[in-house]
Amino acid sequence: MWTAVDRQDKRHEEPSTVEVSATSRYYIATKSLVKPRRRTMEQHFLVVTYAAQGHVNPALHLCRRLARVAGARVTFSTSISGHRRMFASSADQEVDDGVVCYVPFSDGYDGGFDRETGNRDEFRLRAKSVGTRTLAAIVRSLQQRGRPVTCIIHTLLLPWVADVAHDHGIPSVLYWIQPATVFAMYYHYFHGYDGLIASHGHDPQFEVTLPGLPPFKIRDLPSFLSITRPDDPYAAVTDMFRETFDVLDREEANSTARVLVNTFEELEGDALAAVAGQVKLIPIGPMLPSPLQLEGTKEAKGMASAGADLFKPDEKHYMEWLDSKPEKSVVYVSFGSLAVMKKRQAEEILRWLKENRKPYLWVVRKENRGELGDKLEEEGEGGMVVEWCSQVRVLSHPAVGCFVTHCGWNSTVESMVCGVPMVAVPQWSDQVTNAMLAELRGLGVRGELDGEGVLQGAELCRCLETVMGEGERGKEVRKRVAMWKERAREAVGEGGSSDRNLRAFVGEIASLK
């Protein structure tokens, strides 16, 4: 197998130039942008990501976009445990798929970290210590082998990566894989509004107004900002976000703070402007396999073989099942890769789906299957249950008419770009904010949970009837979803706002050396 450091990469034999077009009011290009380096073959982006499905996908899509737009060399790095799940046959070996090179680092948990029983604070400290050392070794190795890294991009929960970049004199950039609205909330929380939010954390209906953002309720804040006890099991996550913004503050003082955001101007112009005076946010999304959906194409098939999924789907089975269903008739249900569904929630969904006899495709991971026991059947009565699936392919299938989702940002963006209305059932983290944003933009409806945080069957019925029915609200939702689908595709298409922003960013990085 050719490796990331041994193969002769034909992509970089011919020098090329980067065209820098006018950028948006949110990303003001400096005068250095008119002097991009002529030989983008010298550019080498190292993209470092946390080993979770919701981080890996947007990071990998960014890698491919950089390779395509800039003609740059791109190396993707996640922890050894995540790398092993992506490339089971390669273990710790470096991998090259012809577009992106994959080189894992060790975070001290090469066998994986158990989120249910592990100590998160211990994980944070150990991952920082071991990760700093092993990622630095990768940077040095690439330098010694004639492939010096010119920019390091990292996703959330890895603030120490910026220190590795600084120690090696390499520009570092945060890749914010959540919406700009969530970034603005975190920014203001860590810059003077933590006391206000903490003092009203007990009242989910309390209305908060942060600079540049429309009023919202405490319940719409990312859940990590509601943590007040240091012994909370997720307090370590809040600390990692705090470290991230501490790093940005240091970079801001030196005028080097840059944040790539998986959003686009037309969707979140207000949130992007809310912190424009403090941090340079660069909207480059939505980040998907390509500017347009690629189902059935050679590139789409290559994406699957490149290891974008940490969970392996039985693609042929459920795609053939979808082919047999009428257009816009299937309810697709998935609560993502991290959240473990409550038993009562799973039972409510199962009961409603079977009673109402709508065809459904339901993703139930093995962690949740035991709770349902014999009640769960993989097929029958118009439904199919799978452990995992290729979500973009499912959402782009004409048979899918609605997405019942936890509203992770990747899922929200994918549903929007595929033109599928959503029923939002947020669980934690940024999902509650994403659900609020989705409803405000007319992308679907938000289900109201009961006192135990469960979406009851009757409420699910109401929501599905709203987005799939022939009432005025349903027609309006579908109309707006179609509108946002086109705007999103235009943003990442050639000459669109996000395309221009990414090209300008590449030009700026090229001018730094």
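Quick note: the coordinates plus some simple rules give every number you see, no bench work behind them. As the structure is a computational prediction, the values presented were derived from the model and not from experiment. Using ideal geometry, Cβ is built from the backbone for each residue, glycine included, and neighbour counts are taken over all protein chains shown.
One equal scatterer on each Cα of segment 444-513, no solvent, Debye formula: the resulting log10 I(q)/I(0) at q = 0.16 Å⁻¹ is -0.71. Its relative contact order, with pairs defined as Cα atoms under 8 Å and 6+ residues apart, puts segment 313-490 at 22 percent.
Rank-order 417-428, 76-87 by packing density, defined as the average count of other C-beta atoms within 10 Å over each peptide's residues, highest first.
Those peptides, ordered most packed to least, come out 417-428, 76-87.
For segment 313-490, the dipole from Cβ point charges (+1 on Lys and Arg, -1 on Asp and Glu) about the Cα centre works out to 460 debye, to the nearest 20.
Put the Cα centre of segment 424-481 next to the Cα centre of segment 242-258 and the gap is 36 Å. Extension gain, E387-H168: 0.36 nm per intervening residue step, less the Cα-Cα distance, totals 74.6 nm. The dipole here belongs to segment 397-457: it is taken about the Cα centre, uses +1 on the Cβ of Lys and Arg and -1 on the Cβ of Asp and Glu, and is about 200 debye. Between segment 491-509 and segment 398-415, the alpha-carbon centres lie 26 Å apart. Each peptide in 200-211, 244-255 was scored by the mean count of other Cβ atoms within 10 Å over its residues; highest first, the order is 244-255, 200-211. Where a ≥ b ≥ c are the square roots of the eigenvalues of the C-alpha gyration tensor, would you call segment 313-490 rounded, which needs a/c under 1.5, or, failing that, prolate if a/b is larger than b/c, or oblate? It is rounded, given that a/c, with a ≥ b ≥ c, falls under 1.5.
Ranked by the mean number of other Cβ atoms within 10 Å of their residues, highest first, the peptides 101-114, 452-465, 47-60 come out as 47-60, 101-114, 452-465.
Suppose R0 equals 22 Å; then what is the FRET efficiency for Q143 and E494 from their Cβ-Cβ distance, rounded to the nearest 0.05?
For R0 = 22 Å, the calculated efficiency reads 0.05.
Before anything else, pin down the relative contact order of segment 149-211: Cα pairs under 8 Å, at least 6 apart, normalised by residue count, whole percent.
Once divided by the residue count of segment 149-211, the mean separation gives 26 percent.
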